[in-house]
Amino acid sequence: MAAKNGSIKLVAGNSNPALAQAIASWLHMPLTKASVRRFADNEIFVEVLENVRGSDVYIIQSTSFPANDHLMELLIITDALRRSSARRITAVIPYFGYARQDRKVGSRAPISAKLVANLITHAGIDRVMTLDLHAAQIQGFFDIPTDNLFASPVMVRDIKERFDLANVMVVSPDVGGVVRARGLAKRINTSLAIIDKRRERAGESEVMNVIGDVAGFTCILVDDIVDSGGTLVNAADALLANGAKDVYAYISHGVLSGGAAARIGGSRLKELVITDSILPTDAIIKTPNIRTLSIAPLIAEAISRTAAEESVSSLFD
């Protein structure tokens, strides 16, 4: 595969090598040889080991845990490519960290998502490609073209293969996720319910009410991020208490920090389905009711279309 105006190069950081290799395989091309390593004091050093002069380069790097290390890798890889005369540099960020800090939550608080967008832009990135941003307006934080891809086509395909849609109801785990849940419900032509949730403090949630009649339905919770897992566990309990037959969850980004995998494993959730936008830990892999869907084909197709200067949005029509 070649770009419209030059050769294509894929460069991977250390955040998710398995996903990077899968994307390269779908594009039928190798990853560009590069060394991304640490000095003794943990400073990051990058060396691109192939000629990238005049190339259309795509850096595949999620800013997942450890977020700061992976963000710095992205910035330093960008600088190395810029100084190596790459023609265009696209940051492919399947999981965009700091996205939950997209507004001031109190006095003297930062808007970290905007700061990170500035860092990426000023490092020399020409275009950003990401997946299911926590808040769509973050696209506006970048002063460069930004493609926000959606995992919904991958999820819809999986849901249609595994469920009798006549008995399925899509559920938003909170009021803020209604637009996302409604979009999925429309794609599979099912009804929608909403969890009315009150969050007392960060990382903790208390389910208050279920809006909608879920009795007898297989409920599918839909969200962009699962971190501690508390919201999903509480939501599953509330839905089952209101007569739901089974509860599943389809989440784009499995952050699953701390003891979240164990919490999901011990919950009443029938299954949590996440994408591989974040490299799954051993704890996640060993949890029997957590399953991973690959987004490599979706991202590979988006890269191919971007390189050929074709429409990306038509992927989701």
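The values are calculated or read from the model by the stated rules, or taken from the named source; none is laboratory data. Worth saying up front: this structure is predicted, and the values here are computed from it rather than measured. In this analysis, Cβ positions are derived from the backbone assuming ideal geometry, glycine residues included, and neighbour counts consider all displayed protein chains. These accessible areas exclude ligands, DNA and RNA; they are computed on the full protein's heavy atoms, side chains included. Shrake-Rupley method; radii C 1.70, N 1.55, O 1.52, S 1.80 Å.
Tabulated results
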read-out	value
Residue satisfying condition, being charged (D, E, K, R), over 20 Å from the mean Cα position of the chain (by Cα) and open to solvent by less than 10 Å² (accessible area, probe 1.4 Å), within set ASP41, ASP56	ASP56
So ASN148, is it assigned to a strand (DSSP E or B) and either open to solvent by less than 20 Å² (accessible area, probe 1.4 Å) or in contact with a helix residue (DSSP H, G or I) (Cβ under 6 Å, 6 or more places away or on another chain) (or both)	yes
Filtered residues of the stretch 270-291 (kept if open to solvent by less than 60 Å² (accessible area, probe 1.4 Å) and closer than 21 Å to GLY13 by Cβ)	ILE274, THR275, ASP276, SER277, ILE278, PRO280, ILE284
Count - residues of the stretch 148-197 that are aliphatic (A, V, I, L, M) and without any contact (Cβ under 8 Å) to a residue 24 or more places away in the chain	7
Some residue of the stretch 264-275 being closer than 23 Å to ALA136 by Cβ, in contact with a Lys or Arg (Cβ under 7 Å, 6 or more places away or on another chain) and not charged (D, E, K, R)	yes
Of all residues making up the stretch 108-134, the number that are open to solvent by less than 10 Å² (accessible area, probe 1.4 Å) and among the small types (Gly, Ala, Ser)	2
SER64 being in a loop (DSSP other than H, G, I, E, B), of a type outside the set (Lys, Arg) and surrounded by fewer than 20 Cβ atoms within 10 Å (Cβ to Cβ)	no
Yes/no for ARG82 being charged (D, E, K, R), closer than 26 Å to ASN148 by Cβ and open to solvent by 30 Å² or more (accessible area, probe 1.4 Å)	yes
Only listed residue being assigned to a loop (DSSP other than H, G, I, E, B), out of contact with any Phe, Trp or Tyr (no Cβ under 7 Å at 6 or more places or on another chain) and of a type in the set (D, E, K, R), chosen from ASP69, ASP102, ASP79	ASP102
Wholly within the stretch 228-317, helices (runs of 4 or more DSSP H) carrying at least 2 residues that are more than 21 Å from ARG198 (Cβ to Cβ)	260-265, 282-286, 296-307
Given (1) surrounded by 12 or more Cβ atoms within 10 Å (Cβ to Cβ); (2) out of contact with any strand residue (DSSP E or B) (no Cβ under 9 Å at 6 or more places or on another chain); (3) at positive phi; (4) not polar (S, T, N, Q), index of the condition ALA22 fails	(3)
Qualifying residue in the stretch 266-277 (condition: charged (D, E, K, R), modelled with pLDDT of 95 or more and under 25 Å from ASN148 (Cα atoms))	yes
Pair list, Cβ < 9 Å and 6+ apart or interchain, from the stretch 70-86 residues that are at positive phi to residues that are outside any helix (DSSP H, G or I) and open to solvent by 10 Å² or more (accessible area, probe 1.4 Å)	SER85/ARG53; SER85/GLY54
Filter result for VAL178 (open to solvent by 10 Å² or more (accessible area, probe 1.4 Å), more than 30 Å from ASP56 (Cβ to Cβ) and under 19 Å from the mean Cα position of the chain (by Cα))	yes
Extreme residue, most open to solvent (accessible area, probe 1.4 Å), among residues of the stretch 252-268 that are of a type in the set (Ser, Thr, Tyr) and out of contact with any helix residue (DSSP H, G or I) (no Cβ under 7 Å at 6 or more places or on another chain)	SER257
Residues located in the stretch 162-192, provided they are in contact with a strand residue (DSSP E or B) (Cβ under 7 Å, 6 or more places away or on another chain) and part of a loop (DSSP other than H, G, I, E, B)	PHE163, PRO173, ASP174, THR190
Filter result for the condition that a residue is buried (at least 19 other Cβ atoms within 10 Å of the Cβ) and part of a strand (DSSP E or B), over ILE195, ILE159	ILE195
